[in-house]
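Asks: Sharing a structure here in structure tokens format.
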Amino acid sequence: MIGKMLGNRYEILEEIGQGGMGIVYKARCHLLNRLVAIKILRPEFSHDEEFIKRFKYESQSAASLSHPNIVSIYDVGNEGDIYYIVMEYVNGKTLKQIIKESNGPLPLDRAMSITSQVLRALDNAHRHNIIHRDIKPHNILLTEDGIAKVTDFGIARAATDYTLTYNKNIIGTAQYFSPEQARGGIVDEKSDIYSLGIVMYEMLTGQVPFEGDSPISVALKHIEENLIPPSRLNHNIPKGIEEIIMKATEKDPNRRYSSANEMLTDINKFASDPDNFRIRKIEEDAPTKIIPPINYDKTRMTERTDVKKGHNRIIPIIITTIIILIIMGGIAGATLYFINRQTVAEVEVPSIVGMNIEEAERLLKQQGLSIEVIGEDYSSEPAGVILSQDPESPIKVKQNYKVKVRISKGIELTKVPLVENMSVDEAVSTLEDAGLKPNIIPTYDDIIPENQVISQNPAANEEIESGSQVNLYVSKGKEKITMINIVGKTLDDAEKLLAENGIALGNITEQENAGPENIVLSQSINPGDQVEKGKTVDLVISKKPTTPVLKNITVPLPDIPGEMKVVVIKRDALGETTVYSGMNTYQDSPLNILNVPMKGHVVIEVYINDDNKPYSRYEDNI
Ligand code: ATP
Ligand code: MG
């Protein structure tokens, strides 16, 4: 698969990982020149039409989501039997890897930052009526800057039937299944909240609450068994956080948080005042209706009762406190205010990079902090998203501290200037001055003179990303062709050849010639010369000679002693002939050769004693 080009666009570079549905590859999108992640479905899925239909439907609806904490889906397609989904490439690790590597609980801050980000992703998706259905650490990707991105939104829906039966990885998925999912009941937003509760549990204890040999046994435990309170496994888990986890993982969906936003509010409340944070339980005083646990050992049962007793004791304490406060009235209030003024609480700055400014402001406010925008930069993040913060998380600061941030003003756009009809040099400098990259494409043109811009793409006044490329089609004049050789061809052949090569036939003059008729004797443009397309060439062609004229030739001989051999040769339209050959002496000079037939351009040469060079030469036109 490596090196393969999918959809004429995505070049598969390397394998990133494998999951239940397929293999994930890193790839390059050649159209937009960016890295992407491509999940290619396993072949067993691609043969099931019903599955493919659901897969396309679910991934296309997930593609409508756009949020900094959600891995964007760019494209869904297939090439023959290869079905694939193209996603934003996240350079980082899965939360599962991070948990494994940490070999125990993650720091509380880190776990809470991840939870909050996943909740924001869920909140956004739920508002668009998309339920994830497979929230698990494998589907939470973390960048090096600590940004969490949730992937595989909704896709699990297409796979549910398969995963339970066919997929070996299903144990991994079942560990995060809500009881209603395990039971095959109605799945809604609250199922995602349950799964995230299990992820929180794992982040803070280093282990999942339910394990087993088969997906079914794990699923059953979610239905039937109670969670060991996470603080039993990690004493550092604050009570408030434990309560949040327990509420998120209630077996009965009605007792869980009703929305991601509600859970996020509790987390923020806890963060701003951990000591006084109390969870609002649904049906606080109604008896807990938990499905009786199967094989649940007695010790844990007692622990659970203890915890509940503990909760019940809180209410009288709160009531008593309120009464005391009322009695103490203003005095108590004033004292508390004074104490507060003296010791301004310190808070940890949360991580807000990647959030949009409104969200960040809300979060900081809840922690008694405020925000100050110290600058805006162009970036590929949407406008309003925080690019950097000072101080960074988790530095502690006094309450009321202003956290300074730089935010994105989105991608810098530039209006394309009009450069058509400019000279190429002028066009290039105009584009460069506007912060754009000219790309010259030389093009033949019959009308626009050489080195002038014929057209541009994108067109003038379009708004495009700064620094991007503008194609300039620059005239290189009329198309040039190389003149062919047609000397020696018949006129018919010459005409055909010229037409094939885009050269027009000009004047034809005839010349009498001893050879065959209608043969090209010369051409007005030399072979090999570059000429504009459509240029005309004049030809001289051969013509049979008409009746020759009889003429006498007088040949003077050289003054040498004794006999000499004299040869007289004539070349003309009639061809080449020896008109005289004989032995003579100087006394015979001049020799008279009578009645020699001549035609056209005549050359006469006299050779003495077989010399290479003629002794004399005459030319004439008859
Ligand atoms: P499942 O099939 O149940 O979702 P999974 O989540 O473990 O199981 P995949 O979703 O196929 O498996 O992902 C396989 C691996 O590919 C992941 O563990 C992760 O390392 C990597 N991966 C997935 N999506 C991306 C992405 N968008 N960017 C970078 N890496 C990714
Ligand atoms: Mg996945």
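The values are calculated or read from the model by the stated rules, or taken from the named source; none is laboratory data. All values derive from a computational prediction rather than experimental measurement. So basically every Cβ, Gly included, is an ideal-geometry build from the backbone, and we count neighbours across all protein chains shown.
For (1) touching a Phe, Trp or Tyr at 6+ places or on another chain (Cβ under 6 Å); (2) buried (at least 16 other Cβ atoms within 10 Å of the Cβ); (3) hydrophobic (A, V, I, L, M, F, W, C); (4) in a strand (DSSP E or B), each residue gets a yes or a no:
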{"site": "354", "(1), (2), (3), (4)": "no, yes, no, no"}
{"site": "361", "(1), (2), (3), (4)": "no, yes, no, no"}
{"site": "371", "(1), (2), (3), (4)": "no, yes, yes, yes"}
{"site": "376", "(1), (2), (3), (4)": "no, no, no, yes"}
{"site": "380", "(1), (2), (3), (4)": "no, no, no, no"}
{"site": "387", "(1), (2), (3), (4)": "no, yes, yes, yes"}
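Asks: Sort through 12, 70 and tell me the only one that's within 14 Å of ligand 1 (Cβ to nearest atom) and within 20 Å of residue 143 (Cβ to Cβ). Don't jump to the end; show me each part of the working.
Replies: Values: 12 fails: within 20 Å of residue 143 (Cβ to Cβ).
Going through 12, 70 in turn, just one is within 14 Å of ligand 1 (Cβ to nearest atom) and within 20 Å of residue 143 (Cβ to Cβ): 70.
Asks: From the list 467, 515, 488, which one is surrounded by fewer than 13 Cβ atoms within 10 Å (Cβ to Cβ), closer than 30 Å to residue 32 by Cβ and not assigned by TED's automatic domain parsing to the domain that holds residue 380?
Replies: Details: 515 fails: closer than 30 Å to residue 32 by Cβ; 488 fails: closer than 30 Å to residue 32 by Cβ.
When all the criteria are applied, what remains is 467.
Asks: Another question about this same structure. Take the residues in the range 501-532 that are in a strand (DSSP E or B) and within 54 Å of the chain's Cα centre (by Cα), then tell me which one is nearest to residue 447 (Cα to Cα). Show your work before the answer.
Replies: Initially, the range 501-532 is screened for residues in a strand (DSSP E or B), giving 504-512, 519-523, 530-532.
Still in the running and within 54 Å of the chain's Cα centre (by Cα): 504-505, 530-532.
Values: 504: 19, 505: 22, 530: 19, 531: 16, 532: 12 Å.
The extreme case among them is 532.
Asks: Under the condition of being crowded, with 16+ Cβ neighbours inside 10 Å and β-branched (Val, Ile, Thr), which residue from the range 209-257 is modelled with the lowest pLDDT?
Replies: Going through the qualifying residues, I end up with 218.
Asks: I've got another one for you. What about residue 450, is it surrounded by 13 or more Cβ atoms within 10 Å (Cβ to Cβ), at pLDDT 90 or above and in a strand (DSSP E or B)?
Replies: Numbers: surrounded by 13 or more Cβ atoms within 10 Å (Cβ to Cβ): yes; at pLDDT 90 or above: yes; in a strand (DSSP E or B): no.
For residue 450, the condition - surrounded by 13 or more Cβ atoms within 10 Å (Cβ to Cβ), at pLDDT 90 or above and in a strand (DSSP E or B) - is not met.
Asks: A follow-up question, please. Check the range 43-61 and report whether any residue there is near ligand 1 (Cβ under 9 Å from one of its atoms), crowded, with 19+ Cβ neighbours inside 10 Å and closer than 22 Å to residue 135 by Cα.
Replies: Just the residues of the range 43-61 that are near ligand 1 (Cβ under 9 Å from one of its atoms), to begin with: none.
The answer is no; no qualifying residue exists.
Asks: Now, a different point. With the structure loaded, tell me whether residue 76 is in contact (Cβ under 8 Å) with a residue 12 or more places away in the chain, within 16 Å of ligand 1 (Cβ to nearest atom) and outside any loop (DSSP other than H, G, I, E, B) or whether it fails that test.
Replies: Values: in contact (Cβ under 8 Å) with a residue 12 or more places away in the chain: yes; within 16 Å of ligand 1 (Cβ to nearest atom): yes; outside any loop (DSSP other than H, G, I, E, B): yes.
For residue 76, the condition - in contact (Cβ under 8 Å) with a residue 12 or more places away in the chain, within 16 Å of ligand 1 (Cβ to nearest atom) and outside any loop (DSSP other than H, G, I, E, B) - is met.
Asks: Any residue in the range 138-154 that is in the same structural domain as residue 37 (by TED's automatic domain parsing) sitting within a Cβ distance under 6 Å of a residue that is near ligand 1 (Cβ under 10 Å from one of its atoms)? List the pairs, counting only those 6 or more apart or interchain.
Replies: none
Asks: Can we say residue 179 is at pLDDT 95 or above and farther than 28 Å from residue 366 by Cβ?
Replies: no
Asks: Output the residues belonging to the range 93-107 that are under 22 Å from residue 175 (Cβ atoms) and away from ligand 2 (no atom under 14 Å from the Cβ).
Replies: Our first condition is that a residue be under 22 Å from residue 175 (Cβ atoms); within the range 93-107, this holds for 93-106.
Passing the criteria: 98, 99, 100, 101, 102, 103, 104, 105, 106.
Asks: On to the next question. Grab the helices (runs of 4 or more DSSP H) fully contained in the range 220-281, keeping just those with 1 or more residues being over 21 Å from residue 123 (Cα atoms) and among the charged types (D, E, K, R).
Replies: Numbers: elements: 230-233, 239-248, 260-272.
Because the criterion is at least 1 residues that are over 21 Å from residue 123 (Cα atoms) and among the charged types (D, E, K, R), the helices (runs of 4 or more DSSP H) in the range 220-281 that meet it are 230-233, 239-248.
Asks: Mind checking which strands (runs of 3 or more DSSP E) fall wholly inside the range 458-500 and carry at least 1 residues that are touching a helix residue (DSSP H, G or I) at 6+ places or on another chain (Cβ under 7 Å) and not β-branched (Val, Ile, Thr)? Explain how you work it out, then say what you get.
Replies: Values: elements: 463-465, 469-475, 480-482.
So the answer is 469-475.
Asks: Does residue 560 satisfy being in a strand (DSSP E or B) and either surrounded by 13 or more Cβ atoms within 10 Å (Cβ to Cβ) or β-branched (Val, Ile, Thr) (or both)?
Replies: On the way: in a strand (DSSP E or B): no; either surrounded by 13 or more Cβ atoms within 10 Å (Cβ to Cβ) or β-branched (Val, Ile, Thr) (or both): yes.
Judged against the criteria, residue 560 is not a match.
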